[in-house]
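To keep things clear, I will list the structure first and then write my remarks on it.
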Amino acid sequence: MRISFCCTDTKAQPWLDGLQAALPGAVVEVWSPSAPLADFAVVWAPPQQFLEEQTQLKGIFNIGAGVDALMKLRLPDGVPVVRLDDAGMSVQMAEYVCHAVIRHFREFDRYEADVANGKWSYRKPCLRQDFSVGVMGLGVLGERVSRALTQFEFPVMGWSRSAKAIQGVQCFAGEAGFHDFLAATRILVCLLPLTADTEGILRHDTLARLQPGAYVINVARGNHLIDQDLIALIDSGHLAGATLDVFRTEPLPAAHPFWTHPKITVTPHTSARTLREESIAQIAGKIRALHTGAPIASLAGVVDPKKGY
Ligand code: NDP
Ligand code: OXD
């Protein structure tokens, strides 16, 4: 069995060593143009040339949860694309989102500013029931995040394409439930995949439907958000601010207004990192299963090309 590794912006050697150790009989190599044909690919944002040349693939494994970069390419018909299914990301995402929600709700950013100015201040506690959190996307990450938020007794709501039942979470679904979901939300968390349906979904007319003083946390993809609409709604006072981990261009360009906006907190796409050991174990297990004839439907994380996630 031959495995081709083609990941931009990723140090290859530790992945090659890990995959080789997990799949001792396999040839594992970094792809270069005209490389021998592989059985399986492990990729992150590969060039189109990789897919044009690798015509014998039986599976393409994405070393991230989001497959939007892959979905922009012409993919070979009938070759399954498999994304990371949690692999240690959901607990990190729960930490990040709970931190951002609590930092905003408890006004820790304001206390930090006061302390930095040598000021011993008290603020009237906010009411938890006024800070309903709405999670867009109730998949592997969104469900874990919404469950984690219920532990802090925030009113939690979720929105997904298909109807869900999650204990302690008020679930809305589809177009029909979208406006009611937004209208009930004070802190909005985006954990949607980036698809044709969700691109630009955080824009003026949707964000304007949130409760006055709403807060936005985008941990999905930069292209979900219309940057200037967010800034306009914060500056007009409708939104209280935002925490953003993902951007249309990454790294975020030095001149981008998000860097310096006093009500926007920026982190460098770090809310849920790909954990190499967990990811290698998951991918190797699935390659072994496919190689020994397991049906593709038995694997978690198989992307539906029609839905785009
Ligand atoms: P999943 O595929 O498990 O979940 C996606 C969720 O979004 C599902 O609940 C799905 O609904 C819902 N959804 C998709 N399209 C629509 C739509 N048009 N309307 C309403 N709901 C929709 O993905 P994950 O939870 O694993 O990951 C989510 C995203 O998080 C990734 O695609 C990636 O972009 C981002 N991410 C960001 C990271 C970071 O570090 N910032 C790290 C990892 C991921 P349904 O359940 O009905 O299908
Ligand atoms: C992912 C990411 O999609 O890191 O896994 O953003």
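Counting only DSSP beta bridges with both residues in the chain, tell me the antiparallel percent, nearest 5. Please list the in-between numbers first.
Details: 2 of 43 bridges.
Restricted to the chain, the bridges split so that about 5 percent are antiparallel.
Counting only DSSP beta bridges with both residues in region 89-266, tell me the antiparallel percent, nearest 5. Numbers along the way, then the final one.
Values: 1 of 27 bridges.
Around 5 percent antiparallel, to the nearest 5.
Can you put VAL145, VAL81, VAL115, VAL219 in order, fewest other beta carbons within 10 Å first? Kindly include the intermediate steps, with their values, before the conclusion.
Values: VAL145 30, VAL81 21, VAL115 12, VAL219 25.
By the 10 Å Cβ count, ascending: VAL115, VAL81, VAL219, VAL145.
May I ask you to list the lysines whose Cα is less than 30 Å away from that of LYS119, ignoring any residue fewer than eight positions away on the same chain?
Correct list for LYS119: LYS263.
ALA184 to SER32: FRET efficiency via 1/(1 + (r/R0)^6), r the Cβ-Cβ distance, R0 51 Å, to the nearest 0.05?
Working: r = 52 Å, r/R0 = 1.02.
Rounded to the nearest 0.05, the efficiency is 0.45.
What full-extension length gain, to one decimal in nm, is calculated for ALA113 and GLN48 as 0.36 nm per residue of separation minus the Cα-Cα distance? Don't skip to the end; give the middle numbers.
Numbers: separation 65, 0.36 × 65 = 23.40 nm, distance 4.78 nm.
Gain on extension, ALA113 to GLN48, equals 18.6 nm.
Only helices at least 20 Å long along their axis, Cα-based, and averaging 0.0 or more on Kyte-Doolittle count here, so list those DSSP H runs from the chain. Mind dumping the intermediate values first?
Working: long enough: 89-105 (24 Å, 0.58); 276-291 (22 Å, -0.32).
Passing helices, by number: 89-105.
Which chymotrypsin sites (Phe, Trp or Tyr not before Pro) in region 221-293 pass both tests, a DSSP loop state and at most 12 other beta-carbon atoms within 10 Å? Could you put the intermediate results ahead of the total?
Working: sites: PHE247, PHE258, TRP259; in loops: PHE247.
Passing both the DSSP loop test and the Cβ count: no residue.
So between ALA208 and LYS11, what do we pick up on full extension, going 0.36 nm a residue minus the alpha carbon distance? List each step's numbers first, then the result.
Working: separation 197, 0.36 × 197 = 70.92 nm, distance 4.20 nm.
Residue separation times 0.36 nm, minus the Cα-Cα distance, leaves 66.7 nm.
Would you be so kind as to identify which of ALA176, PHE105, MET157 lies farthest towards the positive end of the dipole of region 89-266, taking Lys and Arg as +1 and Asp and Glu as -1 on Cβ and the Cα centre as origin?
Farthest towards the positive pole: PHE105.
If I take R0 = 25 Å and measure r between the Cβ atoms of ALA297 and SER162 in this structure, what FRET efficiency does the formula 1/(1 + (r/R0)^6) give, to the nearest 0.05?
Numbers: r = 18 Å, r/R0 = 0.70.
So, using R0 = 25 Å, E works out to roughly 0.90.
If neighbour count is taken as other Cβ atoms inside 10 Å, put TYR96, TYR122, TYR215 in order from fewest to most. Can you show the working numbers first?
On the way: TYR96 20, TYR122 7, TYR215 25.
Lowest count first: TYR122, TYR96, TYR215.
Readers should treat all values here as calculations from the given coordinates under stated rules, not as data from a laboratory. Computed from a predicted structure; not experimentally measured. Positions of Cβ are generated from backbone atoms using ideal geometry, with glycine treated the same way; all protein chains shown enter the neighbour counts.
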